[in-house]
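Contents: one structure, followed by commentary.
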Amino acid sequence: MTVTKAYAATSPGSGLEAVSIERREPGPHDVEIAIEFCGLCHSDVHTIRQEWGSITFPLVPGHEILGQVTRTGSAVGLFAVGDTVGVGPMVDSCRECDSCLEGEEQYCSNSNTDTYGAIDARNGGAVTQGGYASSIVVDENYVLRIPEGMDHASAAPLLCAGITTYSPLRYLDVQAGDAVGVIGLGGLGHLAVKIAKALGATVTVFTTSPGKTGAATDLGADAVVLSSDPAAMAAAKDSLNAIIDTVAAAHDLNPYLRTLARDGALIQLGLPGEPMPAINPGTLISKRLAYGGSQTGGIAETQDMLDFCAEHGVAADIEMVAATGLNDAYDRMVAGDVKYRFVLDTSTL
Ligand code: ZN
Ligand code: ZN
């Protein structure tokens, strides 16, 4: 065992505080990573605040992990000491089900092993602990290679926010010249805009905040539609091929579905805690529309996303946070007061 510095929630309502945790010695296929940066994801807040169910304390969140390999197990073939690597929302899966065999480990039928807060069956049933820490040990098959030349801090959020938006854009086979809508301009939405632009799409951002118009065009959006303005929404009717919906609060999808052209699709990424207004089937039927959902992406696709972002200069817009600022950062995330992703500098742990 190796003792590592970390920030954890230690009891309900405790917030995050400095702790020491143990990491396992690297097994034959494990790599030990000295963590340099870890992005802050909304999932971290929901989990720590037990909004998605009860958790085992202490718990170290963080699944946008970037660092350098410091040790490798005897059978590791994919990575060497000194490599810059990343870890996203999962550190293992069953490796046997259809989803795992097809590289869609995020949909593992036997539940993939989340990077934090999951029972790690292959490692004695320990609860996994995430990336707000100085180091982590992960099976090489769930580790990503960070392409050379990428800025390390702004690449970290790609490991969750990046792949979560890249995967549905690829699934919908967005091509140059397609028209893509993005609902919401937060951590996910700002990367959806950048990635869709890099794919060659024309991008429309839907926002409820008139103040975000300039920010959206700064990110490369071609158009901004104020979704609270019925006339603006009506003017966008039948104009889009795909919509990526990043909003996690309950909202009425029908006005957005009306902006899709024939054969368009809306993919929802945010998971609201309360029921959504019903979709009018007539809107779907009349234009052969599809409505679906998506979560993160598989390991191979995550590597593909990193390579794509490196090639096209796509990275997150970030605000660096020190360990002592994590609790304030959580409050600001909930308030939507960050452009657009906090990243923890683990040298401050
Ligand atoms: Zn996440
Ligand atoms: Zn599986």
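The values are calculated or read from the model by the stated rules, or taken from the named source; none is laboratory data. Computed from a predicted model, the values in this text were never measured in an experiment. All Cβ positions, even for glycine, are placed from backbone atoms using ideal geometry, and neighbour counts span all protein chains on display. When the accessible area is computed, the model is the full protein with side chains, heavy atoms only, and any ligands, DNA or RNA have been set aside. Shrake-Rupley method; radii C 1.70, N 1.55, O 1.52, S 1.80 Å.
Take residues that are surrounded by fewer than 17 Cβ atoms within 10 Å (Cβ to Cβ) and tell me which of the helices (runs of 4 or more DSSP H) falling wholly in segment 213-324 contain 2 or more.
Result: 213-218, 230-235, 281-287, 299-312.
Please state which one of E96, E104 is of a type outside the set (V, I, T), open to solvent by 50 Å² or more (accessible area, probe 1.4 Å), in contact (Cβ under 8 Å) with a residue 40 or more places away in the chain and within 16 Å of ligand 2 (Cβ to nearest atom).
Among E96, E104, only E104 is of a type outside the set (V, I, T), open to solvent by 50 Å² or more (accessible area, probe 1.4 Å), in contact (Cβ under 8 Å) with a residue 40 or more places away in the chain and within 16 Å of ligand 2 (Cβ to nearest atom).
So for segment 67-78 (the condition being open to solvent by 60 Å² or more (accessible area, probe 1.4 Å), on the phi < 0 side of the Ramachandran plot, within 15 Å of ligand 1 (Cβ to nearest atom) and not polar (S, T, N, Q)), does at least one residue qualify?
No, there is no match, as no residue in segment 67-78 is open to solvent by 60 Å² or more (accessible area, probe 1.4 Å), on the phi < 0 side of the Ramachandran plot, within 15 Å of ligand 1 (Cβ to nearest atom) and not polar (S, T, N, Q).
Every residue, every condition in (1) touching a residue at least 12 places away in the same chain (Cβ under 8 Å); (2) under 23 Å from the mean Cα position of the chain (by Cα); (3) outside the structural domain of M233 (by TED's automatic domain parsing), yes or no:
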site: L257; (1), (2), (3): yes, no, no
site: I279; (1), (2), (3): yes, no, no
site: G282; (1), (2), (3): no, no, no
site: I285; (1), (2), (3): no, no, no
site: L289; (1), (2), (3): yes, no, no
site: L306; (1), (2), (3): yes, yes, yes
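Looking at segment 307-342, which of its residues are hydroxyl-bearing (S, T, Y) and more than 24 Å from S14 (Cβ to Cβ)?
Matches in segment 307-342: Y340 only.
Taking segment 108-129 on its own, how many of its residues are open to solvent by 30 Å² or more (accessible area, probe 1.4 Å) and more than 16 Å from ligand 1 (Cβ to nearest atom)?
Within segment 108-129, residues that are open to solvent by 30 Å² or more (accessible area, probe 1.4 Å) and more than 16 Å from ligand 1 (Cβ to nearest atom) number 11.
Does any residue of segment 173-182 turn out to be in contact with an Asp or Glu (Cβ under 9 Å, 6 or more places away or on another chain), modelled with pLDDT of 95 or more and open to solvent by less than 10 Å² (accessible area, probe 1.4 Å)?
yes
Looking only at residues that are over 16 Å from the mean Cα position of the chain (by Cα) and more than 19 Å from T246 (Cα to Cα) in segment 153-177, which one is farthest from ligand 2 (Cβ to nearest atom)?
Among those residues, the one meeting the criterion is G177.
Give me the pairs, please: first residue somewhere in segment 33-45 and over 10 Å from V85 (Cα atoms), second residue anywhere and within 16 Å of ligand 2 (Cβ to nearest atom) and not in a strand (DSSP E or B), beta-carbon distance under 9 Å, and either six or more positions apart or on two chains.
Once the first residue is over 10 Å from V85 (Cα atoms) and sits in segment 33-45, its partners that are within 16 Å of ligand 2 (Cβ to nearest atom) and not in a strand (DSSP E or B) give C41/P89; S43/P89.
Answer with yes or no whether I35 is in contact with a Leu (Cβ under 8 Å, 6 or more places away or on another chain) and away from ligand 2 (no atom under 16 Å from the Cβ).
Yes: the conditions hold for I35.
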